[in-house]
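In what follows, a single structure is set out as structure tokens and then discussed.
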Amino acid sequence: MRQPVRTRLPLFRRAFVDSWRSTLAWAAGLAAAAFLYLPLYPSIGGSEQMQEMVNALPAEMTRALNYDQIASGPGYTQATLFGLIGFLLLSIATVAWGAAAVGGDEESGQLELTLAHGVRRVQVVLERALALLLRVLLLAALVFVVISLLNGPSQLDIDAGNLFGAVVLFSGLGLLSGSAALCLGAVTGRRTYGLAAGAAVAVLGYVFNAVGRQSPDVDWLLSLSPYHWAYGNSPVANGADWAAAGWLWGLSAALVALAAVALERRDVGA
């Protein structure tokens, strides 16, 4: 007899439904950031006063914050939303979700109870990763819609194709941090280690980009920075680097696969 639809992907459905409040909260935060920053562009983004203020900042700080792009609408959106506050919010959300997906469940004892019901360990990892992916895609879609709505009124002049590519990279960057958190949580059985791994991917990626842009002597750091892979081409202005997108999404998939293998091979609750 054919299995009823309601029994499919039970762990995915539970993980997604249980996190709907946090998903809504992070969505509200991203939307609020867009509505706060982007409408300011006509008054400050391309003004002489804003350019004078940027010129007065140390060149190192300007390059680190990508404020050298801020004179154009796409550059302003890249620097303020995708490169700073949006990146921060999405990274915090995905790292928290990824660390809790397996490591958090194991620390609380919930994972052992789940496995006692005949659920395969690989299934746990894959369905929890799928729930993480769906949350990221929903947040990314929201960012795309909000920026599209503000594009005209805020005089940003962003090409829709470039915006789509930037959102793909934005979501891939957030997903990589979340996948790293999920992976180390599955490898160690500890939520704290998952948080540390996910935060390291986000923070070190940002730091390597900031430092690597300061001097040709250290620009080799850029090749180690997922942040630079995503944003080095200024995708909002110039379009996505699809090879970089492939690396971000491919590494996330590899981390999920590693998490599944690690959880399958070790003792749970040890």
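The values are calculated or read from the model by the stated rules, or taken from the named source; none is laboratory data. Because the structure is predicted, anything quoted here is derived from the model rather than measured. Reconstructed Cβ throughout: ideal geometry from the backbone, glycine too, with neighbour counts over all protein chains shown. The area values use the complete protein model at the heavy-atom level, side chains included, leaving out ligands, DNA and RNA. Shrake-Rupley method; radii C 1.70, N 1.55, O 1.52, S 1.80 Å.
For ASP267, the conditions (1) surrounded by fewer than 20 Cβ atoms within 10 Å (Cβ to Cβ); (2) in contact (Cβ under 8 Å) with a residue 24 or more places away in the chain; (3) not in a helix (DSSP H, G or I) all hold with the exception of (2).
One line per residue, one yes/no per condition, for (1) open to solvent by less than 50 Å² (accessible area, probe 1.4 Å); (2) among the hydrophobic types (A, V, I, L, M, F, W, C); (3) at pLDDT below 95:
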{"residue": "ALA196", "(1), (2), (3)": "no, yes, no"}
{"residue": "ALA202", "(1), (2), (3)": "yes, yes, no"}
{"residue": "TYR227", "(1), (2), (3)": "yes, no, no"}
{"residue": "SER234", "(1), (2), (3)": "yes, no, yes"}
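For the range 167-220, which residues satisfy the criterion of being more than 19 Å from LEU248 (Cβ to Cβ) and either without any contact (Cβ under 8 Å) to a residue 24 or more places away in the chain or β-branched (Val, Ile, Thr) (or both)? Residues satisfying the conditions are VAL187, THR188, THR192, ALA196, VAL211, SER215, PRO216, ASP217, VAL218, ASP219, TRP220. Look at the range 7-20: where a residue is in contact (Cβ under 8 Å) with a residue 12 or more places away in the chain and closer than 19 Å to ALA93 by Cβ and a partner is open to solvent by less than 50 Å² (accessible area, probe 1.4 Å) and part of a helix (DSSP H, G or I), sitting 6+ places away or on another chain with Cβ atoms under 6 Å, you get PHE12/GLU127; PHE12/ALA131; ALA15/ARG128; ALA15/ALA131; PHE16/ALA131.
Taking the criterion of being touching a residue at least 60 places away in the same chain (Cβ under 8 Å), out of contact with any Phe, Trp or Tyr (no Cβ under 7 Å at 6 or more places or on another chain) and part of a helix (DSSP H, G or I), the residues of the range 118-142 that qualify are ARG121, VAL122, GLN123, VAL124, VAL125, LEU126, ARG128, ALA129, LEU138, LEU142.
Scanning the range 143-173 for residues that are hydroxyl-bearing (Ser, Thr, Tyr), farther than 20 Å from ALA244 by Cβ and assigned to a helix (DSSP H, G or I) yields a count of 1.
Can you find a residue in the range 146-155 that is farther than 22 Å from GLY73 by Cα, more than 14 Å from the chain's Cα centre (by Cα), open to solvent by less than 50 Å² (accessible area, probe 1.4 Å) and polar (S, T, N, Q)? No, the conditions are met nowhere in the range 146-155. Among residues of the range 27-53 that are modelled with pLDDT under 75, those with a beta-carbon under 8 Å from a residue that is open to solvent by 30 Å² or more (accessible area, probe 1.4 Å) at least six positions away or on a different chain give the pairs GLY45/ALA71; GLY45/SER72; GLY46/ALA71; GLY46/SER72; MET50/ILE44; MET50/ALA71; GLN51/ALA71.
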